[in-house]
1. If I filter the stretch A:116-131 down to residues being surrounded by 18 or more Cβ atoms within 10 Å (Cβ to Cβ) and free of Cβ contacts under 8 Å to residues at least 60 places away in the same chain, which single residue comes out as farthest from the other protein chains (Cβ to nearest Cβ)?
2. Tally the residues that are in a loop (DSSP other than H, G, I, E, B) and within 14 Å of chain B (Cβ to nearest Cβ), restricting the search to the stretch A:214-241.
3. When you scan the stretch A:83-102, do you find a residue that is of a type in the set (A, V, I, L, M), closer than 15 Å to A:LEU135 by Cα and either touching a helix residue (DSSP H, G or I) at 6+ places or on another chain (Cβ under 6 Å) or within 14 Å of chain B (Cβ to nearest Cβ) (or both), even just one?
4. Only residues that are touching a residue at least 40 places away in the same chain (Cβ under 8 Å) and out of contact with any Lys or Arg (no Cβ under 7 Å at 6 or more places or on another chain): list them for the stretch B:212-225, please.
5. Out of the residues in the stretch A:103-115 that are in a loop (DSSP other than H, G, I, E, B) and more than 10 Å from chain B (Cβ to nearest Cβ), which is surrounded by the most Cβ atoms within 10 Å (Cβ to Cβ)?
6. Could you please give the count of residues in the stretch B:34-84 that are in a loop (DSSP other than H, G, I, E, B) and closer than 18 Å to A:GLN89 by Cα?
7. Tally time: how many residues in the stretch A:197-229 are on the phi > 0 side of the Ramachandran plot and more than 22 Å from the chain's Cα centre (by Cα)?
8. Filter the stretch B:13-40 down to the residues that are within 11 Å of chain A (Cβ to nearest Cβ) and at pLDDT below 95, then identify the one that is nearest to the chain's Cα centre (by Cα).
Amino acid sequence: MSWVQLNGETWPVTPDGAQLEFYVQAQDVGCPRVQWRLDLTQRVEAAEPLPNQPNCESLLAVEITDMPLPGCDWRKLANLEIRADTAWQATNEFIGPYGHSHNLPKVDANHMVFPAHAKSPDNTGCHYLAHDFILRFGQRDGLVLPCEIDAWVIPINEYYRTLPETPAEAAKFSDGPPNLRIITRAQFIGGSLDMVRCGTDPLPSARQQVRELLGCEEFFRPTYGWWLRSNPAHKEILPMKPGWRSTVHFFTTETE
Amino acid sequence: MLYFREHQWLVVQGASIFRATIEPEMRQRQEVHWSLDMHFRACGPVWRRVRHWERPELHLMVGHFKWPMKSWTDLEHLNFWDPMAEDMPDASHRSGMLDIFYYPRCGDNGQQNPGVGHFGWRVATRERGWFTVELAGMTDSRSALELLEGRKIPVLPDGREERRDPDLAFWKKHAQVYLIENIPFGQVTVKVPHNVRDPEAYAVGRARQLIGVNEPEHIEVTDFNQWEKCTPYLRNQVYVELHFNGFYET
């Protein structure tokens, strides 16, 4: 079940729920190894379905990525409150292990209205970002955590600028009530691990790391792939041979 | 951490590595070309609304330093804190050539060696494949040691001198650029003769022989013979990149 209020408009409650996933970087990297991601897609069914059109009138896709895990047990997210203010942001910014990503946890909210249901051609939704947000988790129930998000979102075309904020601007947490509020349930569904070379079967080592770094015994439906590389002519991308670096994916449940 | 101008900086992982290059004619360990690349990007809450590719960047490259090494792990003994004090004829060149490029904004050409004259650097410690590098670039020709010797040293009541490593305030005052950062041993590029049957095995063997590496974490082979468009200089060249800290695509 999921409840959303965006820009003062309360959406119908839906049976949607958020998903919680983990990414574990390889052992030899120089950035935080464990990051988690919260992902919610809230769909509003059309009150009056249109022929040959999706039954969905609009949706809101919200994600918070690159979040650090406090300690070595995902269950410590229970009853955790994160207030993403300047001090918190200053300690949680990092560049990914291979230099391709520059990460600062943000709320990314994409509101999409399907054209057939849009009130006007200009009203097809908006993409928002928020660096100021408050995330609260409640008491854990198995693999599920109730959670609340309060975010002060800014349309993406106003968000990015070419000059930095002043220290006074950056230090100030957003005023007034949040313009994005979410109450939902987040289920820990699984994750991925980058593995250093560890033989032709990376799964035992991955299972051990999931246990040690996430405190998670549930390691189901694992799959893995060897890292890719270009062929010598740089015309094709091919997987390395077994025994090289790999990425392992796993789920926390035996069935979907 | 890096101190340079008014910004806070994050080291750019992947691009910041020790590199070695092995040419076909190299037969001895001391002939291997070593270099150190370090890239930094402005960070901190004031930059959170600026896309990362539009933020200031600082690139430091120490090229062609020379140090008697039997193995890559000997990088941990690198000490060019005071190269002028060493009694070798080419001592001033052993610490390598420092190039600094400061890009205040995206699209700028960059400022080369912005205000940096003399520099000193060393490796403080090693943990597995990671080295803690300390580097100070001065605005004038004084070496780090000269600056340190110019400091007032407190004398204890029993007459002993109380020598301490300089603190950050010292470096902020005297150095144009100062950094202490963990940098991995990242990549070895081996140029392989084009008639070698197994370039990967050949490259690993050469790197093992000359710098004592173990198995790499990733290998990339580039055979310019198979490239449709290739400069004459690169024709018949085969480059094998051995990556020891993940795979950083250059």
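1. For the stretch A:116-131, the residue satisfying everything is A:TYR128.
2. Residues flagged as in a loop (DSSP other than H, G, I, E, B) and within 14 Å of chain B (Cβ to nearest Cβ) within the stretch A:214-241 amount to 9.
3. Initially, the stretch A:83-102 is screened for residues of a type in the set (A, V, I, L, M), giving A:84, A:87, A:90, A:95.
Going one step further and asking which of them are closer than 15 Å to A:LEU135 by Cα, we end up with A:84.
Going one step further and asking which of them are either touching a helix residue (DSSP H, G or I) at 6+ places or on another chain (Cβ under 6 Å) or within 14 Å of chain B (Cβ to nearest Cβ) (or both), we end up with A:84.
Yes, that holds for at least one residue.
4. Filtering the stretch B:212-225 down to residues touching a residue at least 40 places away in the same chain (Cβ under 8 Å) leaves B:212-213.
Answer for the stretch B:212-225, where residues must be touching a residue at least 40 places away in the same chain (Cβ under 8 Å) and out of contact with any Lys or Arg (no Cβ under 7 Å at 6 or more places or on another chain): just B:VAL213.
5. Among residues in the stretch A:103-115 that are in a loop (DSSP other than H, G, I, E, B) and more than 10 Å from chain B (Cβ to nearest Cβ), the one surrounded by the most Cβ atoms within 10 Å (Cβ to Cβ) is A:PRO105.
6. Residues that pass the stated criteria total 6.
7. Restricting attention to the stretch A:197-229, the residues satisfying the condition of being on the phi > 0 side of the Ramachandran plot are A:199, A:215, A:221.
Next, only the ones that are more than 22 Å from the chain's Cα centre (by Cα) stay: A:199.
So the count comes out to 1.
8. B:ALA15
The values are calculated or read from the model by the stated rules, or taken from the named source; none is laboratory data. The structure presented is a predicted model; accordingly, all values stated were derived computationally and were not measured. Cβ coordinates were reconstructed from backbone atoms using ideal geometry, including for glycine residues, and neighbour counts include every protein chain displayed.
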